[in-house]
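The values are calculated or read from the model by the stated rules, or taken from the named source; none is laboratory data. Just so we're clear, the structure is a prediction, and the values are computed from it rather than from any experiment. As a convention, Cβ positions derive from the backbone with ideal geometry for all residues, glycine included, and neighbour counts pool all protein chains shown. Side chains included, ligands, DNA and RNA excluded: accessible areas come from the protein's heavy atoms. Shrake-Rupley method; radii C 1.70, N 1.55, O 1.52, S 1.80 Å.
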Amino acid sequence: SVAVIMLGGIDINELTTAEYAANMRAIVETSIQRGVIPVLTTFVVLPEREAVYPRSLEFNMALLDIAEAEQTPLINLWAAAQALPDHGIGPDRTHLKAEVGAFCSFDGAQDRLGGTLRNLLTLQALDLLRRDVLTG
């Protein structure tokens, strides 16, 4: 089994980096103990959200550290979304931008919509796991 995990976008409002890292580490360790491959996903926060942007970077760095320490896959949505308009964030300035009918239209929508980019990266990660790990 595989679990795609993306948490933190709301947690930055309430948790310290240490609390977030401990919670994420517990999720990863529990997943592994139960035979589930955890796939961590970084998240995007706009730099204009000055009150939480620095903590969002710390949270994402914690995810990178956990993925490295546990040798688990990581989808770096934050890095991939940097090239998108508004880093893939929609008009509410919080959630990934999406358009009805373009959630999985990988015909260029992934170059302007954060939601479509996330779906593409997730499918690519799952395909890689399927080819290299799950079939043997």
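Would you please classify the overall shape of the stretch 56-136 from the alpha carbon gyration tensor, given that a ≥ b ≥ c denote the square roots of the eigenvalues, rounded means a/c under 1.5, and beyond that prolate means a/b larger than b/c while oblate covers the rest?
Oblate, because a/c is 1.5 or more while a/b does not exceed b/c.
I want to check the label-to-label distance for GLU58 and VAL100. Put each point 7 Å from Cα in the C-beta direction and report it in nm to one decimal.
4.1 nm
Kindly provide the GluC sites (Glu not before Pro) of the stretch 25-64 that DSSP labels as loop, not H, G, I, E or B, and whose Cβ sees at most 11 other Cβ atoms within 10 Å.
For GluC sites (Glu not before Pro) across the stretch 25-64 that sit outside H, G, I, E and B with at most 11 neighbouring Cβ atoms in 10 Å, the list reads GLU48, GLU50.
Quick one: 3J(HN,Hα) in Hz for the stretch 41-53, Karplus 6.51/-1.76/1.60 with θ = phi - 60°, rounded, Gly and Pro as x.
Per-residue couplings from phi come out as 10, 6, 10, 10, 10, 5, x, 5, 7, 4, 5, 10, 4 Hz.
Quick one: 3J(HN,Hα) in Hz for the stretch 21-28, Karplus 6.51/-1.76/1.60 with θ = phi - 60°, rounded, Gly and Pro as x.
4, 5, 5, 5, 4, 5, 4, 5
Quick one: net charge of GLU70's neighbours, Cβ under 15 Å, K/R +1, D/E -1?
Net of charged neighbours comes to -1.
Using θ = phi - 60° and the Karplus curve 6.51 cos²θ - 1.76 cosθ + 1.60, what whole-Hz ³J(HN,Hα) does each residue of the stretch 64-81 get, with Gly and Pro shown as x?
4, 5, 5, 4, 5, 5, 8, 6, 10, x, 9, 9, 8, 4, 3, 5, 5, 7
For the stretch 1-92, which trypsin sites (Lys or Arg not before Pro) pass both filters: DSSP loop (anything but H, G, I, E, B) and at most 10 other C-beta atoms within 10 Å? Spell out each step's value before the answer.
Working: sites: ARG25, ARG34, ARG49, ARG55; in loops: ARG34, ARG49.
Here the trypsin sites (Lys or Arg not before Pro) that fit, given the DSSP loop and packing criteria, are ARG34.
Skipping prolines and chain starts, which residues have an amide H placed within reach, meaning under 5 Å, of the one on VAL39, given they are 5 or more residues away or on another chain?
ALA3, VAL4, ILE5
So who's got an amide H within less than 5 Å of the one on LEU96, skipping anything under 5 residues away but keeping other chains? H placed 1.01 Å off N, in plane.
GLY90
From the list [x] 112; [y] 162; [z] 141, can you say which value of volume of the Cα convex hull per residue in Å³ was derived from the structure given?
[x]
Using a Förster distance of 30 Å, how high is the FRET efficiency between ALA69 and LEU128, based on the Cβ-Cβ distance and rounded to 0.05?
The value I calculate is 0.90.
Taking only protein heavy atoms into account and a 1.4 Å probe, give the accessible area per residue of the chain in Å².
On a per-residue basis, the chain sits at 55 Å².
How high is the relative contact order of the stretch 26-136, given as a whole-number percent (alpha carbon pairs under 8 Å, six or more residues apart)?
21 percent
Can you tell me the dipole magnitude for the chain around its Cα centre, using point charges on the Cβ only (Lys, Arg +1; Asp, Glu -1), in Debye to the nearest 20?
280 debye
Could you work out what % of the accessible surface of the chain is carbon and sulfur, using a 1.4 angstrom probe and leaving DNA, RNA and ligands out of the count?
It is 54 percent, rounded to a whole number.
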